[in-house]
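Structure first, then comments.
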Amino acid sequence: MEDNIGADDGSIKEQDRLLPIANVGRIMKQILPPNAKVSKEAKEMMQECVSEFIGFVTSEASEKCRKERRKTVNGDDMCWAMEALGFDNYAGPLRRYLHRYRDFEGDKANQDKAMNNSSVSKGVEQSLS
């Protein structure tokens, strides 16, 4: 494999274009029996595939944002792109995950706010004593 793709013309380095191979291998091993091994070739092939897939879906979402004159691609755009590209079997579960994630983050933010308000109140009470 090359270290750079078109390095002379300022293109993206391969290490910046691909997901880290250790992460890809770890994900692959999660589904396999504990004693199973994954060859370097299999990890490299999967690394190329998942990196290409992420770029493919992100490009579709980015194009939607460009047409809508938005600069930020969000989770809803990614779900839309998955559906637009025919990955309906994945788009539904991904959308449900996104909603649960947002609910969790909202709950967490509310808890943090309550904790901060509580500690501020205690600090005010102590300074008044």
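The values are calculated or read from the model by the stated rules, or taken from the named source; none is laboratory data. Just so you know, these numbers come straight off a predicted model, no measurement behind them. Heads up, the Cβs are rebuilt from the backbone with ideal geometry, glycines too, and the neighbour counts pull from every protein chain shown. Heads up: the accessible areas ignore ligands, DNA and RNA and are worked out on the full protein's heavy atoms, side chains in. Shrake-Rupley method; radii C 1.70, N 1.55, O 1.52, S 1.80 Å.
For the stretch 89-111, the criterion of being more than 23 Å from Leu19 (Cβ to Cβ) and of a type in the set (A, V, I, L, M) is met by at least one residue.
Mind checking which residues of the stretch 37-87 are of a type in the set (Ser, Thr, Tyr), open to solvent by less than 80 Å² (accessible area, probe 1.4 Å) and over 13 Å from Leu18 (Cα atoms)? Those that are of a type in the set (Ser, Thr, Tyr), open to solvent by less than 80 Å² (accessible area, probe 1.4 Å) and over 13 Å from Leu18 (Cα atoms): Ser39, Thr58, Ser59, Ser62.
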